[in-house]
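In what follows, a structure is listed as structure tokens, so that the remarks can point back to it.
The values are calculated or read from the model by the stated rules, or taken from the named source; none is laboratory data. Everything numeric here is computed off the predicted structure, so don't read it as measured data. Glycine gets a Cβ as well: all are built from the backbone with ideal geometry, and neighbour counts include every protein chain shown. Remember, those area values only see protein heavy atoms, side chains included, never the ligands or the DNA or RNA. Shrake-Rupley method; radii C 1.70, N 1.55, O 1.52, S 1.80 Å.
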There are 2 protein chains.
Amino acid sequence: MPALDPTDLWRRPERSAVGPKPEHSRSGIATAALRIADQEGLAAVSIRRVAASVGAGAASLYRYVKSHDELVELMMDTVSGEYHLEPGTGGPLEQLLDLAHQGRGIMQRHPWLAPLLLTRPSMGPNSLRYLEAALTTLESVDLPGPAKLQTVAMLSAITSAFVQNEMATARPPGPKGAATNRGQYLAEALKAGDYPHLTAALTGHSDEGHPDEHFTSIVTNYLTGAGIPSQPPD
Amino acid sequence: MPALDPTDLWRRPERSAVGPKPEHSRSGIATAALRIADQEGLAAVSIRRVAASVGAGAASLYRYVKSHDELVELMMDTVSGEYHLEPGTGGPLEQLLDLAHQGRGIMQRHPWLAPLLLTRPSMGPNSLRYLEAALTTLESVDLPGPAKLQTVAMLSAITSAFVQNEMATARPPGPKGAATNRGQYLAEALKAGDYPHLTAALTGHSDEGHPDEHFTSIVTNYLTGAGIPSQPPD
DNA sequence: CCATAATTGCGATCACCGTTCGCAATTAAG
DNA sequence: CTTAATTGCGAACGGTGATCGCAATTATGG
């Protein structure tokens, strides 16, 4: 009976017919929540915090959003609006590649996004618009519908995975030579003599080229393997 | 100053020299936490819940684990122990493919694992053993150390992404014809006429073959593109 | 013009969470 | 046998998501 599905958010009108005018709005709440999440992480996005940030009482937020999950759903759909979805040029592969790069940019701007994207795909209007655009890209490709969906989903998944890996690898801003706890422990473990290959792999100094090209090659590889052509068939 | 790094767990001895014998153990706590997470989801794994499950007071758990994060780290490393890491046969690609399949199995057995794996890689002994095995697989491959690490990390990432996508797609156990909320909303949105390609893609009945083969082809594709050979060079 | 009905804002409150503190009880070492 | 460390844990603190009830506000129908 209870509305546990955050997707219910999109079935409710933002404002109903009668009653006092709301002092706030979904978009206002969304941008406030976004600012907090971008700066302090998703964990800092609590109902009370967001409410205070827009100048409302804690309980008032529930007039705009039925649950914390719905708030997150709102945030996800809002950032989905950052895609530029003009028709685009090039073959299906090139267009999907462009979408993937855009997605990577969005996930980098909003570090909390990538993990969520895999666990709970959003179904808001902006997210659906993105999906539609991605599928439009595959219009000329001869593949069953579900396969196209799968491909687009895996594209997002790979992008998310890449970005998360990118972020986990990125060394935290430690300007001083202060050894991190993690590093200290690792050093101990390696000194013990087990894990010889791990030691070797970590010892070799990091030569990792430009991550942009790396990302491009991974995605291209996947799409090619999935049967997405670079040029539309004639 | 505070030990915020969950990795600190592995630097502490399980039992110290003096004092009364502990009534519980890390592994006991881990298995209790695992049972709860597997059955009711990671959100149900609270300190109090796990403590009660092993017959201890809530505050007592902190004698074994310094924080909730460490408890999760303990859980992750424990399931990492489910890998079978015998040397294995075949070329590097085949061996990595086998590890990926094992990983998929583990993530399916423990649905809470996949999302965590990307966000917070574990560094416990079992996790390191896995990493070592994966790198041993690449012994004969001529690639710089960091590149090998990247490859192994992306392999886990892709596997996690695939499993999460798999689970999100899997229809929840709705035996009756009861339309889910999500479905209802989607139907409405599609009926509006926007999203024609999405509609088409969803209308086409799902013909998705065996997901095992799909997974194999995706991973093989990635590994091949990453320069991992099927047979060791002579 | 006014009464009605719906809706908003929100203080108070509930249950639960992670975490800390202080203390009695237990144990190994000197 | 004394000492020092360690365990188990009840109680408490601050924060969380969520609910309830009520006063204030508003568009609509009579």
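Residues that are outside any helix (DSSP H, G or I) and within 9 Å of another protein chain (Cβ to nearest Cβ) were ranked within the stretch B:179-208; the one that is modelled with the highest pLDDT is B:195. Can you say whether residue B:102 is more than 14 Å from chain A (Cβ to nearest Cβ), closer than 30 Å to residue B:145 by Cβ and not aromatic (Phe, Trp, Tyr), as far as the supplied structure shows? Answer is yes for this residue.
Does residue B:62 satisfy being under 21 Å from residue B:11 (Cα atoms) and either over 16 Å from the mean Cα position of the chain (by Cα) or not in a helix (DSSP H, G or I) (or both)? It is true that residue B:62 is under 21 Å from residue B:11 (Cα atoms) and either over 16 Å from the mean Cα position of the chain (by Cα) or not in a helix (DSSP H, G or I) (or both).
Residue count for the stretch B:137-149, restricted to those that are more than 7 Å from chain A (Cβ to nearest Cβ) and out of contact with any helix residue (DSSP H, G or I) (no Cβ under 8 Å at 6 or more places or on another chain): 2. The condition (being buried (at least 21 other Cβ atoms within 10 Å of the Cβ), assigned to a helix (DSSP H, G or I) and acidic (Asp, Glu)) is satisfied by just one residue among A:94, A:73: A:73.
Put simply, of B:175, B:211 the only residue that is out of contact with any Lys or Arg (no Cβ under 9 Å at 6 or more places or on another chain), at pLDDT 70 or above and not basic (Lys, Arg) is B:211. Inside the stretch B:122-136, can you point out the residues that are buried (at least 20 other Cβ atoms within 10 Å of the Cβ) and facing another protein chain (nearest Cβ under 9 Å)? B:123, B:128, B:131, B:133, B:134, B:135, listed by residue number.
Please tell me if residue A:117 is of a type in the set (A, V, I, L, M, F, W, C) and within 13 Å of the chain's Cα centre (by Cα). Here the answer is yes, as residue A:117 does meet what is asked. Selection of the stretch B:97-121 for residues being assigned to a helix (DSSP H, G or I), touching a Leu at 6+ places or on another chain (Cβ under 7 Å) and open to solvent by less than 20 Å² (accessible area, probe 1.4 Å) yields B:100, B:106, B:107.
Scan the stretch A:1-58 for residues that are within 13 Å of DNA strand C (Cβ to nearest atom), open to solvent by 50 Å² or more (accessible area, probe 1.4 Å) and under 19 Å from residue A:111 (Cα atoms) and the total you get is 1. Any residue that is among the basic types (Lys, Arg) and in contact (Cβ under 8 Å) with a residue 40 or more places away in the chain - is there at least one of those in the stretch B:58-76? Scanning the stretch B:58-76 turns up at least one residue that is among the basic types (Lys, Arg) and in contact (Cβ under 8 Å) with a residue 40 or more places away in the chain. Within the stretch B:69-80, does at least one residue satisfy the condition of being more than 15 Å from DNA strand C (Cβ to nearest atom) and at positive phi? Within the stretch B:69-80, none of the residues are more than 15 Å from DNA strand C (Cβ to nearest atom) and at positive phi.
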